[in-house]
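What follows is a single structure, written as structure tokens, with notes after it.
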Amino acid sequence: MTSERSRETFRHDGRIVVVGASLAGLRAAEALRDEGFTGSLTLVGDEACEPYDRPPLSKQVLTGWVPADGTALPRRREIDAEWLLGVPASGLDLAGKRVELADGREVPFDRLLIATGVRARPWADRAEAALDGVFVVRTRDDSGRLWERLAAGPGRVLVIGAGFAGSEIASVCRERDIPVTVAETAEAPLVGALGSMVGSIAANLQRAHGVDLRCGVKVTRLEGDERGRVRRAHLSDGGTVDADVVVVALGGVRNTEWLRDSGLAAGVWGVACDSGCRAFDVNGLVTDDVFVAGDVARCPHPVYEYRFLSLEHWANAVEQAQVAAHNMVSSPTDRWPHLSMPAFWSMQFGVNIKSVGVPVLSDEVVVTQGSVEEHRFVAAYGYRGRVTAAVSFDNAKWLDHYRHLIETAAPFPPSCPTPDQPADMKPVPAHFPNSVIITQGATVVVTGYEPSERRVAFARPGG
């Protein structure tokens, strides 16, 4: 009774601070109000602007379809919050329950949500990174500046890194008829996320659209002219690329430095938490008043042997924020687990690429529907006879079917659900450069649809 009264008092008069005023932070704040939290709510963000949507930054903004300042996230409801924008958090006093800000202020809390996300990984050489014409794309300002440079009609753009962001930027360049070279250390684009079989298809797609794709090479040095503008890149194979715009697309760095010495299990991998989004301390003990959501969170997923996953996906940020908000104001017996299946999408070279599950935790892949030659197909991934992921090229309508196969530990290779069956359905090795080994086969299945309904049950062999 006492704890129930305390919980009700917190729901009406408590103090919640959200550090990270982007997608996960905003959606969590809205969900807290939906849950009936009427206490004080404070959002802290290092950028001076209110939350905006990031997926358009490497797509519609660079093509000119959407201005950089036209990407504000739509509000689902009023949140009646205090916004502390343009000042990053610099520290966390866990025992004193205070967030320290870079301008010296301190913000007390009863419960804290960490949603600080990631930033772009910069070019390692600071002097070379400072050359005029060298860009990263993570923020609205980054994208706006690159759009201006692309609009000026550069002679050639060099993209370093052929992951999703790099490939999308190369696609925009070709759409704008700008010569572009892509340098990638792996054997093909997207190999780190989708494996070499699908990567080879992505390579064909890029070359068919006029991209000068250089795989298996590393950019070793950027060279500037006498006015400090980038003009040439040197490659590990001895070659060079003359370019007046260089886009560094080497992934992200999780924003956890402000949590150093806080006592939380935070590092380069993110902030570790349980599936209820409660943060772990350095001893691996779960905390009661600190929660994590979005790109910076690293939590176990039962479908993948309870491995800790960090997911930089839009849908994951939204769904994890909802779970975190619910658990922050609910009783221990009413907490939800975050069991959403990872999913992402990308638009490049006129093809809509979507994925569900975790392809990298697979060792085989098979095309189950459509035509690779037409760049319209679905490929399913598997491990030890179980479906673990699926990716579609211009065939996304089937992904819910594959999501169900993954959650129910369906056998691999799966049967084709339509007459649109490819000529060859023989599984081949998925070939990931940094493959992660799963030690067992399927151990659990997931049931339910809404976050309040989703639960895990242990799979029965042969059942």
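The values are calculated or read from the model by the stated rules, or taken from the named source; none is laboratory data. Just so it is clear, the structure is predicted and the values come from calculations on it, not from any experiment. When we count neighbours, we look across all protein chains shown, and the Cβ atoms used for this are built from the backbone with ideal geometry, even at glycine. In case anyone asks, the SASA skips ligands and DNA or RNA and just uses the protein heavy atoms, side chains included. Shrake-Rupley method; radii C 1.70, N 1.55, O 1.52, S 1.80 Å.
What 222 nm value per residue comes from the helices of the chain, counting each DSSP H run with n ≥ 4 as -39,500 (n - 2.57) and dividing by all residues, nearest 500 deg cm²/dmol? Please report the intermediate quantities before stating the final value.
Values: 9 runs with 98 residues, N = 463.
Mean residue ellipticity, 222 nm, calculated: -6500 deg cm²/dmol.
Let me make sure I get this right: for the chain, a, b and c are the square roots of the gyration tensor eigenvalues over alpha carbons, sorted descending. Under 1.5 in a/c it's rounded, otherwise prolate if a/b > b/c, else oblate. Which is it?
Cα axes put the chain in the oblate bin.
Starting at the first residue of the range 404-417, write each ³J(HN,Hα) from the Karplus equation 6.51 cos²θ - 1.76 cosθ + 1.60 with θ = phi - 60°, in whole Hz, x for Gly and Pro.
Residue by residue, the range 404-417 yields 5, 4, 5, 5, 9, 6, 5, x, 10, x, x, 6, 6, x Hz.
Find the accessible area per residue for the chain; the probe is 1.4 Å, ligands and nucleic acids are left out, and the unit is Å².
Details: 20140 Å² over 463 residues.
Here the residues of the chain average 44 Å² of exposed surface.
Classify the range 219-290 as rounded, prolate or oblate from the Cα gyration tensor: take a ≥ b ≥ c as the square roots of its eigenvalues, call it rounded if a/c is under 1.5, otherwise prolate when a/b beats b/c and oblate if not. Let's see the in-between values first.
Numbers: a/c = 4.36, a/b = 3.52, b/c = 1.24.
Cα axes put the range 219-290 in the prolate bin.
At 0.36 nm per residue, and after removing the present C-alpha to C-alpha distance, how many nm does the segment from Met425 to Ala315 gain when stretched out fully? Intermediate values should be presented prior to the final figure.
Working: separation 110, 0.36 × 110 = 39.60 nm, distance 3.04 nm.
Contour length minus Cα-Cα distance gives 36.6 nm.
Expressed as a whole percentage, what fraction of the accessible surface of the chain belongs to carbon and sulfur atoms when a 1.4 Å probe is rolled over the protein heavy atoms? Display every interim value, and only then the final one.
Values: 9910 of 20140 Å².
The C+S portion of the solvent-accessible surface of the chain is 49 percent.
Please work out whether the range 1-61 counts as rounded, prolate or oblate from its C-alpha gyration tensor, where a ≥ b ≥ c are the square roots of the eigenvalues and a/c under 1.5 means rounded, while otherwise a/b larger than b/c means prolate and anything else oblate? Intermediate results must be reported in sequence, preceding the final value.
Values: a/c = 4.40, a/b = 2.80, b/c = 1.57.
Note, shape of the range 1-61 comes out prolate.
Give me the one-decimal nm value for the distance between modelled label points at Asp141 and Phe308, 7 Å along each residue's Cα-to-Cβ direction.
3.2
Kindly provide the pair-distance distribution of the range 141-202 built from C-alpha pairs, with 5 Å bins from 0 and whole-percent values in order of increasing distance.
4, 19, 26, 23, 13, 10, 5, 0
Please report the antiparallel percentage of DSSP beta bridges with both residues in the chain, rounded to the nearest 5.
On the way: 60 of 93 bridges.
Just about 65 percent of them are antiparallel.
Note down the nm distance, to one decimal, between modelled labels 7 Å out along Cα→Cβ at Glu187 and at Arg455.
A separation of 4.5 nm, rounded to one decimal place.
Could you run the Karplus curve 6.51 cos²θ - 1.76 cosθ + 1.60 with θ = phi - 60° over the range 40-53 and give me ³J(HN,Hα) per residue in whole Hz, x for Gly and Pro?
Coupling constants for the range 40-53: 7, 10, 10, 10, 10, x, 7, 8, 7, 9, 6, x, 9, 8 Hz.
Testing the spin-label approximation: label points 7 Å from Cα along Cα→Cβ at Glu374 and Arg229. State their distance in nm.
Output for this residue pair reads 4.6 nm.
Estimate the FRET efficiency between Lys397 and Val217 by the formula 1/(1 + (r/R0)^6), using the beta-carbon distance for r and 45 Å for R0, to the nearest 0.05.
Working: r = 37 Å, r/R0 = 0.83.
After rounding, the FRET efficiency stands at 0.75.
When the chain is fully extended, how far beyond the present Cα-Cα distance does Ala72 get from Ala102, taking 0.36 nm per residue of separation?
Values: separation 30, 0.36 × 30 = 10.80 nm, distance 2.51 nm.
Between Ala72 and Ala102, full extension yields an extra 8.3 nm.
What's the percent breakdown of Cα-Cα distances in the range 36-185 across 5 Å bins, shortest bin first?
2, 8, 15, 17, 15, 13, 10, 9, 7, 3, 1, 0
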